[in-house]
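To start, the structure under review is shown below, and the notes come after it.
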Amino acid sequence: MAITDKQLEDMLVSYPDLVLKNRKKHLILKKSAESCQTIEANTRTIPGIISQRGCCFAGCKGVVVGPIKDMVHIVHGPVGCAYYSWGTRRNKARADDTTPKENIYSQLCFVTDMQEKDIVFGGEKKLAKMIDEVVEMLHPRAISICSTCPIGLIGDDINAVAKAASERHGIQVLAFSCEGYKGVSQSAGHHIANNNIMENVIGKGTQRKPGKYVINILGEYNIGGDSWELERVLEEIGYTINCVMTGDSSYVDIRNLHLADLNLVQCHRSINYIAEMMQAKYGMPWLKVNFIGVDATAESLRNIAQCYGDEALTRKTEEVIARETARVAPVMEHYRKICEGKTAFIVVGGSRSHHYQYLLRDLGMETIVAGYEFAHRDDYEGREVISTIKGDADSRNIPELHLTPDKENYQEAHVYLNMTLEKFEELKKKVPISYYEGMNKSMKDGHVIIDDANHHEVEEILRTIKPSIYLSGVRDKYISHKMGVPSKQLHSYDYTGPYAGFNGAMNFARDIANMMTTPAWGLIKAPWEEQRKK
Ligand code: CFM
């Protein structure tokens, strides 16, 4: 199904001129005959427009820092910011060899509960007192402080509070100045979190885990148990998972992050900074992977094996892929019969809108409109455009760290993988090392790519393009439901999952097929429409 220029124009017809001029830059109708189709991304949302984006605090506390299970994460701000970022992302955690149950604080919510009085007189003392209470009650290995908007506005010095508390208690207290208004979306918060963790946590440990193939998975947050499914498969093949960052991760493991051979990057948007900085500081190579979809998972597993160039590992990889794909095939086939030929519209944050296209393809479904809430141009057009991205006042607000090789721990990338430089160069031609191709290349001509889609545009797309399903966010899902189009929330998976890896693909197929076959969507009629008939 191809969408036309006219259809897109009609969709935007009700905009005032200035808004139209702005929004046109965020929309592409894919035409591969045109040599370069650029998109505007990571710029401010037009004031007054109902965006699906989140804030900087969400990206720092909610996404990158919050899932670290053995740290206490204190929200410095009003209770609402803490309440609404508490547990809703479904990043799961459990006890393991290095982290006993009593050291896991993921299900608790910590907040300084700033009141009017504190806003007027300052909240530093309250924050310091809270840290003391937390240490006394729970003895965490480390603490984070994440600032919300009012903290930046009143000027509390959270760095000074963190430093003093750290000296008082002898544990690391990390201060994240991730006030909600910083940057244009949660993307700024990812960057702030990456910088602080890179500068102050990674590299502090000394324990390499045993094993021949020791890997990290970056940008995987264990939503609905995703990373547990990946661990099942990777460990069977023979890998040692040093750390999943930050899904079900521990502070202890992150300190040892540099003691692996290879960083796998699942979500490029949220974690590419750490992958790049680790390459600069430690020389560690990173590989882009995608574990969403049966074929995509198999391809990623093959690419990882190629990085080691080890025959036994390759053989075992093929054995596991053959067994797993044979096991899931009948289930996928069953649901494929229901889903085949259907179309999808996806808007998620910064990675999933691309990753899930592969899983939909496994089901015979085509993604006809896809967009990110807050990704950057490289997530659309590929890392090759990074040097051409112009910074603005908002992006320059977040510091770029320029790291130099670490004296003790730097090794050339090929040394990590135990191969010659020539072999490594060959490998780079075959697998995406230090490279992400972006989403646009996998979309077909006549399909739409949309950045920072707003409420109005979502409604128009549902009404005029009529996709069979909308894979959406928390807020926009209800627009879709009310319009009679089934909608699956792809951030937290609406209480189900996992959706990653082989078992995840089967869960997703079942859930999507269920939505396609339920008669509910045909029964939606507003009461006034019913009354009008009478
Ligand atoms: Fe990465 Fe994510 Fe995503 Fe993201 Fe997010 Fe998320 Fe997301 Mo919601 S880290 S960019 S900031 S894959 S919370 S687990 S689902 S918007 S597409």
Which residues, taken from segment 46-75, are of a type outside the set (D, E, K, R), assigned to a loop (DSSP other than H, G, I, E, B), crowded, with 19+ Cβ neighbours inside 10 Å and away from the ligand (no atom under 12 Å from the Cβ)? Ile68
In segment 242-285, what count of residues is obtained for those that are among the hydrophobic types (A, V, I, L, M, F, W, C) and farther than 18 Å from Val201 by Cβ? 4
If a residue has to be under 30 Å from Ala393 (Cα atoms) and out of contact with any Phe, Trp or Tyr (no Cβ under 9 Å at 6 or more places or on another chain) to count, how many in segment 203-220 make the cut? 1
Whichever residue in segment 468-480 is of a type in the set (Ser, Thr, Tyr) and not in a helix (DSSP H, G or I) and, among such residues, is farthest from the chain's Cα centre (by Cα): Ser468
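Restrict the check to segment 247-258 and report whether at least one residue is within 15 Å of the ligand (Cβ to nearest atom) and in a helix (DSSP H, G or I). Break it down into steps so the answer makes sense when it comes.
So in segment 247-258, the residues within 15 Å of the ligand (Cβ to nearest atom) come out as 247-249.
Retained after the next criterion (residues that are in a helix (DSSP H, G or I)): none.
Checked against the condition, which is being within 15 Å of the ligand (Cβ to nearest atom) and in a helix (DSSP H, G or I), segment 247-258 yields no hits at all.
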Condition first: within 16 Å of the ligand (Cβ to nearest atom), at pLDDT 95 or above and either touching a helix residue (DSSP H, G or I) at 6+ places or on another chain (Cβ under 9 Å) or not in a strand (DSSP E or B) (or both). Can you find one or more residues in segment 18-40 that meet it? no
Among the residues of segment 404-425, are any among the polar types (S, T, N, Q), surrounded by 13 or more Cβ atoms within 10 Å (Cβ to Cβ) and at pLDDT below 95? no
Per the filter on segment 358-371, residues assigned to a strand (DSSP E or B), surrounded by 22 or more Cβ atoms within 10 Å (Cβ to Cβ) and away from the ligand (no atom under 16 Å from the Cβ) are Ile368
From the list Leu301, Leu360, Leu257, Leu313, pick out the single residue that is in contact (Cβ under 8 Å) with a residue 12 or more places away in the chain and out of contact with any strand residue (DSSP E or B) (no Cβ under 8 Å at 6 or more places or on another chain). Leu301
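From the list Ile241, Ile271, pick out the single residue that is away from the ligand (no atom under 16 Å from the Cβ), at pLDDT 95 or above and not in a loop (DSSP other than H, G, I, E, B).
Ile241
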Reported set for segment 76-121 where residues are of a type outside the set (Gly, Ala, Ser) and in a helix (DSSP H, G or I) is Val79, Cys81, Tyr83, Lys101, Glu102, Asn103, Glu116, Lys117, Asp118, Ile119, Val120, Phe121
For segment 103-127, which positions are buried (at least 18 other Cβ atoms within 10 Å of the Cβ) and more than 14 Å from Val72 (Cα to Cα)? Met114, Asp118, Gly123, Glu124, Lys126
I need a count of the residues in segment 481-514 that are at pLDDT below 95 and assigned to a helix (DSSP H, G or I). 4
Give the residue that is nearest to Ile465 (Cα to Cα), with candidates limited to residues of segment 330-357 that are touching an Asp or Glu at 6+ places or on another chain (Cβ under 8 Å), away from the ligand (no atom under 16 Å from the Cβ) and in a helix (DSSP H, G or I). Arg336
Those residues of segment 76-95 which are surrounded by 15 or more Cβ atoms within 10 Å (Cβ to Cβ) and not aliphatic (A, V, I, L, M) amount to His76, Gly77, Pro78, Cys81, Ser85, Trp86, Arg89, Arg90, Asn91, Lys92
Within segment 372-381, which residues are more than 14 Å from the chain's Cα centre (by Cα) and either in a loop (DSSP other than H, G, I, E, B) or within 14 Å of the ligand (Cβ to nearest atom) (or both)? Asp378, Tyr380
Selection over segment 177-229 where residues are within 12 Å of the ligand (Cβ to nearest atom) and part of a loop (DSSP other than H, G, I, E, B) yields a count of 4
What pairs come up if the first residue lies in segment 486-506 and is closer than 13 Å to Arg232 by Cβ, the second is assigned to a strand (DSSP E or B) and among the charged types (D, E, K, R), and their beta carbons are under 8 Å apart, counting only those six or more places apart or on different chains? Ala500/Glu220
Which of the residues that make up segment 481-499 are charged (D, E, K, R) and either within 12 Å of the ligand (Cβ to nearest atom) or within 24 Å of the chain's Cα centre (by Cα) (or both)? Lys488, Asp494
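Conditions tested, residue by residue: (1) surrounded by fewer than 22 Cβ atoms within 10 Å (Cβ to Cβ); (2) of a type in the set (A, V, I, L, M); (3) closer than 30 Å to Thr98 by Cβ.
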{"site": "Tyr251", "(1), (2), (3)": "no, no, yes"}
{"site": "Ile254", "(1), (2), (3)": "no, yes, yes"}
{"site": "Leu264", "(1), (2), (3)": "no, yes, yes"}
{"site": "Glu333", "(1), (2), (3)": "yes, no, no"}
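The values are calculated or read from the model by the stated rules, or taken from the named source; none is laboratory data. As the structure is a computational prediction, the values presented were derived from the model and not from experiment. Cβ sites come from the backbone with ideal geometry, for glycine too, and all protein chains shown count toward neighbours.
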